[in-house]
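The values are calculated or read from the model by the stated rules, or taken from the named source; none is laboratory data. Everything quoted here is computed from the prediction, not taken from an experiment. Here Cβ is always computed from backbone atoms with ideal geometry, including for glycine, and neighbour counts include all displayed protein chains. Surface accessibility is based on the protein's heavy atoms, side chains included, excluding ligands, DNA and RNA. Shrake-Rupley method; radii C 1.70, N 1.55, O 1.52, S 1.80 Å.
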Amino acid sequence: MTLTLIDRTRPTDHASGQAADQGVTPEAVPETPSAQAPDPAPRRAAGREADGLAVASFVLGLVGLLAFNLLLGPTAIVMALLALARRTRRPGRAYLGLALGVADLVVLAVLVTVNGAVAWNLGA
């Protein structure tokens with residue numbers, strides 16, 4: 001295993017190339033943030049957030065089949081669409097959350113049609 005250390009006090013090739021074109025020594029050119037390598041931390045955080053949205057969509061869609069389908073169904077659909085738009089690494093869970101959210105609304109429509117009310121009626 002090799003450990004490589006990067007000296008960030010020295011200018012990069014891009015900055016020294018600009019300095020040479022302008023007749024300035026590389027030591028006089030300040031290092032700009034755009035010359036540095038992009039930070040991968042925001043990409044990982046966005047990936048985790050999208051994965052969390054996919055899982056939350058799946059769970060809310062599943063729970064919505066049993067209770068609160070009027071609230072949890074649309075919430076699961078929105079979360080699934082957000083997770084898919086943000087390129088989740090778990091698209092299967094996002095698609096399942098989307099399908100379960102739609103199923104929540106279908107179950108709600110059937111219950112409203114049969115019972116005539118937005119309520120579960122398990123008793124006689």
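Screening region 88-106 for residues that are among the basic types (K, R) and modelled with pLDDT under 90 and picking the one that is most open to solvent (accessible area, probe 1.4 Å) gives R89. Cβ-Cβ distances below 9 Å connect the following pairs, each with a first residue in region 91-111 that is among the basic types (K, R), a second residue that is open to solvent by less than 40 Å² (accessible area, probe 1.4 Å), and a separation of six or more residues or different chains: R93/D51; R93/A54; R93/S57; R93/A80; R93/A83.
Residues considered: A15, A76. Of these, the only one that is modelled with pLDDT of 85 or more and out of contact with any Cys (no Cβ under 7 Å at 6 or more places or on another chain) is A76.
Being open to solvent by less than 50 Å² (accessible area, probe 1.4 Å) and either assigned to a helix (DSSP H, G or I) or at pLDDT 90 or above (or both) is a property that does not hold for A45.
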